[in-house]
Amino acid sequence: MLVVDIGNTSISWGVEREGKLIKVFKTPASQINLKKISKITESFPYKEIIVCSVVPRITLLFKKLKKNVFFVGKDLKVPISCLYNRRQVGEDRLVAAFSAKIKSPSVRIVIDFGTAITFDFLSKKGEYLGGIILPGITLSYRTLSLNCALLPKEIKMTKSPFIPKNTFQSINKGIVEGFSLIINSWVKKYRKKFRLKDKKENVIVTGSDIGPIFKKLDFSFLHFPHLVLEGLISLGRKIKG
């Protein structure tokens with residue numbers, strides 16, 4: 001089975017064998033077209049393709065494939081009670097919550113570092129309560145470089161001293177420490193709200209854009225880099241019987 005998580009910045013592809021994720025690779029979302037999708041899918045001898053997408057343009061391309069493509073939301077319903085506005089919630093957020101609950105039955109907070117950072121909450125019963133969205137780390141770097149005339153078009157992530165001495169260091173300091181302070185304070189706030197102890201089983205972190213602040217997170221958590229892809233595999237088992 002081939003599982004595909006289509007995001008705004010990149011497309012994550014996962015290859016499943018006997019219920020396990022054995023290979024993961026990414027392609028830029030901005031460069032994808034039907035020819036490239038066909039080439040990738042033809043290179044894997046799988047009958048089923050499970051797709052979770054938040055990008056309508058790319059969803060339409062997958063619909064043109066002459067394969068058994070199953071879309072989360074239309075063909076596959078995520079088995080989780082949703083107390084959020086169902087028409088507005090991204091299917092990837094529901095899949096992540098569903099997958100997190102499988103990984104850790106006591107999970108209450110799921111943080112996904114992607115194009116956007118999503119901070120989602122689950123009830124004790126496993127209901128999806130809703131969550132918070134803020135711009136992602138890489139997106140924030142790019143937004144600054146594109147909208148500030150005197151800044152370079154590419155801003156590299158580098159270490160910064162306690163008091164930055166140049167523009168690169170200043171931006172890195174602001175973004176890396178700014179985001180880590182936000183995430184750490186929110187976890188503390190919602191742990192208090194939910195009366196949770198600092199146990200790693202209560203918080204799951206995922207997403208490919210976590211790198212710059214991974215070591216600055218000051219709370220206990222479980223880390224599953226491919227949470228959505230693994231959730232898609234679990235959903236796909238229903239089709240395979």
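Worth a mention:
- Between 0 and 90°, nearest 10: helix 178-194 axis offset from the chain longest Cα axis: 70 degrees
- Acute angle (nearest 10 degrees) that the helix 137-147 long axis makes with the longest principal axis of the chain, alpha-carbon atoms: 70 degrees
- Relative packing of peptides 12-21, 47-56, 191-200 - highest average C-beta neighbours within 10 Å first: 47-56, 12-21, 191-200
- Remark: relative contact order (the chain) = 20 percent; criterion is Cα-Cα distance under 8 angstrom and separation of 6 or more residues.
- Per residue Cα convex hull volume in Å³ - calculated over the stretch 192-231: 87 Å³
- Summed side-chain charge close to GLY126 - residues other than GLY126 whose Cβ falls under 11 Å, Lys, Arg +1, Asp, Glu -1: +3
- Anchor LYS47: aspartates and glutamates whose Cα lies under 16 Å away (excluding residues fewer than 8 positions away in-chain): GLU16, GLU18, ASP75
- Ellipsoid equivalent to the stretch 91-225 - semi-axes via the Cα gyration tensor, in Å: 30, 16, 11
- Annotation for LYS67 and TRP186: the two label points, set 7 Å from Cα along the Cα-Cβ direction, are 3.4 nm apart.
- Hull volume in cubic angstrom per residue (convex hull over the Cα atoms of the stretch 8-82): 113 Å³
- Helix 227-240 and the longest principal axis of the C-alpha atoms of the chain enclose an angle of approximately 10°.
- Taking only the Cα atoms of the stretch 156-241, the radius of gyration and Dmax are 17.2, 60 Å.
- Contact order normalised by residue count of the stretch 91-225, Cα under 8 Å, 6+ apart, percent: 25 percent
- The chain, helix-only ellipticity at 222 nm - DSSP H runs n ≥ 4, -39,500 (n - 2.57), divided by all residues, nearest 500: -10000 deg cm²/dmol
- Sites ILE102 and ILE133, calculated FRET efficiency, Cβ-Cβ separation with R0 30 Å, nearest 0.05: 0.80
- Computed E for CYS82/THR167 - FRET, C-beta separation, R0 45 angstrom, nearest 0.05: 0.55
- When Rg and the Kirkwood Rh are both derived from Cα coordinates, the Rg/Rh ratio for the chain amounts to 0.99.
- Residue pairs, from the table LYS159/LYS199; LYS36/LYS64; LYS125/LYS215; LYS26/LYS216; LYS74/LYS101, whose Cα atoms sit over 24 Å apart: LYS159/LYS199; LYS125/LYS215; LYS26/LYS216
Every read-out reported here was derived from the displayed coordinates using simple, explicitly stated rules and does not represent laboratory data. Treat the numbers as computed from the prediction; the structure is a model and nothing was measured. A quick note on method: Cβ atoms are made from the backbone with ideal geometry, for glycine too, and the neighbour counts reach across all protein chains shown.
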